[in-house]
Amino acid sequence: MSFPHHRPRRLRTTPAMRRLTAEYRLDPAELILPAFIREGLTEPSPITSMPGVVQHNTDSLKRAAAEAVRLGVGGIMLFGVPETRDAAGSASLDPVGVLNQAIRDVRAEVGDDLVVMSDVCLDEFTDHGHCGVLAADGTVDNDATLEIYGRMAVAQAEAGAHVLGPSGMMDGQVAVIRQALDDAGHQGTSIVAYAAKYASAFYGPFREAVDSQLQGDRRTYQMDPANRREAMLEVELDLEEGADMIMVKPAMSYLDILADVAAASPVPVAAYQISGEYAMIEAAAANGWIDRRRSIEESVLSIKRAGANMILTYWASELAGWLRA
Ligand code: PBG
């Protein structure tokens, strides 16, 4: 009987040994907190399918941003929920509309201490809930939508966003937004491109978070979950178009895509742990079926291990607090 000389268990013997030999560890600076602000709220409003997450009013959003700074979180990604919607999503262009005002308020609160990011997409602003405007035949009109994205981007840059996050998956969106920003003198505003964004069932709770009006699905513009190679095409196009960073979304069901993208990307890679991923862990933990804190830490660590440089997660501040303790 012979025994192997290499016995990996030797490196697992004590907490100190495991800490020393850990290949990856999380850092608050790489976490980004997604946050919702809803117009006209006097109090923050809980989101039923995302226990612990709220639709903010101005005050609570500013407090959440200040807390994120205190905890060393790297960034905040803002989503706005307007009071009125129309077919063209015109509230998105209003300089004092809910999202643009939120950007201004958060910048006033945190200055440059937190990277302020904002969603460039029409789904929160349209009465039909699609990420773009519709053509006469009811399909999403790519190029008419791009024209609006360009103007939205300029409004958000003017409000003070450091980074814009086009999430609508229209072809050519990064190029149009880059051009519009440059033409308006915003050469310094960055773009994190949702390059590989899949048509996922796990966005369910987000639809509640933004009171989405969507009937149907987004399969004509978001990627097919069956496709892996195609993610590299989306990434290449976004890089050619001027993306400063790229994103893979969702995270947990797409760790293979994230690993592919991370291996090939010359720019920082973000991954978005989305609403349904959050909801599943919270729901199972609430039932006592899994350990909440360990599951959160393990899930976010898996995203880091797969290659993300930045992770959007609704647990960003809570997790940062644990990491600093
Ligand atoms: C679109 C957008 C969505 C999410 C972020 N940006 C929804 C969608 O594509 O249907 C989902 C985020 C989440 O589920 O946490 N503006």
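The values are calculated or read from the model by the stated rules, or taken from the named source; none is laboratory data. Model, not experiment: these values are computed from the prediction. Virtual Cβ from ideal backbone geometry, glycine too; neighbours counted across all protein chains shown. These area figures cover heavy atoms from the full protein model, side chains too; ligands, DNA and RNA do not enter into them. Shrake-Rupley method; radii C 1.70, N 1.55, O 1.52, S 1.80 Å.
Could you pull out the residue among Val110, Val133 that is within 16 Å of the ligand (Cβ to nearest atom) and either open to solvent by 10 Å² or more (accessible area, probe 1.4 Å) or over 18 Å from the mean Cα position of the chain (by Cα) (or both)?
Result: Val133 is the single residue among Val110, Val133 that is within 16 Å of the ligand (Cβ to nearest atom) and either open to solvent by 10 Å² or more (accessible area, probe 1.4 Å) or over 18 Å from the mean Cα position of the chain (by Cα) (or both).
Would you please list the contacts, defined by Cβ atoms under 6 Å and residues six or more apart or on different chains, that run from a residue in region 271-288 that is free of Cβ contacts under 8 Å to residues at least 40 places away in the same chain to a residue that is open to solvent by 10 Å² or more (accessible area, probe 1.4 Å) and assigned to a helix (DSSP H, G or I)?
Every condition considered, the pairs that remain are Ile281/Ser295; Ala285/Arg292.
For region 159-172: of the residues being more than 12 Å from the ligand (Cβ to nearest atom) and not hydrophobic (A, V, I, L, M, F, W, C), which is most open to solvent (accessible area, probe 1.4 Å)?
Looking at the filtered set, the residue picked out is Asp171.
Which one is farthest from Met117 (Cα to Cα), of the residues in region 229-259 that are in contact with a Phe, Trp or Tyr (Cβ under 9 Å, 6 or more places away or on another chain) and surrounded by fewer than 21 Cβ atoms within 10 Å (Cβ to Cβ)?
Among residues in region 229-259 that are in contact with a Phe, Trp or Tyr (Cβ under 9 Å, 6 or more places away or on another chain) and surrounded by fewer than 21 Cβ atoms within 10 Å (Cβ to Cβ), the one farthest from Met117 (Cα to Cα) is Ser253.
Would you pick out the residues in region 2-53 that are of a type in the set (A, V, I, L, M, F, W, C) and under 24 Å from Ala91 (Cβ atoms)?
Within region 2-53, Leu33, Ala35, Phe36, Ile37, Leu41, Ile47, Met50, Val53 qualify.
Whether any residue in region 294-311 is under 22 Å from Tyr203 (Cβ atoms), basic (Lys, Arg) and either free of Cβ contacts under 8 Å to residues at least 60 places away in the same chain or within 16 Å of the ligand (Cβ to nearest atom) (or both) is what I want to check.
Checking region 294-311: not a single residue is under 22 Å from Tyr203 (Cβ atoms), basic (Lys, Arg) and either free of Cβ contacts under 8 Å to residues at least 60 places away in the same chain or within 16 Å of the ligand (Cβ to nearest atom) (or both).
Determine, yes or no, whether Thr220 is open to solvent by 30 Å² or more (accessible area, probe 1.4 Å) and among the β-branched types (Val, Ile, Thr).
Against the criterion (open to solvent by 30 Å² or more (accessible area, probe 1.4 Å) and among the β-branched types (Val, Ile, Thr)), Thr220 qualifies.
I'm checking my understanding of the structure. Among residues of region 200-216 that are more than 8 Å from the ligand (Cβ to nearest atom) and more than 19 Å from the chain's Cα centre (by Cα), which one is farthest from Thr139 (Cα to Cα)?
Out of the qualifying residues, it is Gln213.
Here is a list: Val96, Val115, Val120. Which entry is open to solvent by less than 30 Å² (accessible area, probe 1.4 Å) and either modelled with pLDDT of 95 or more or closer than 12 Å to Gly80 by Cα (or both)?
None of the others qualify; the one that does is Val120.
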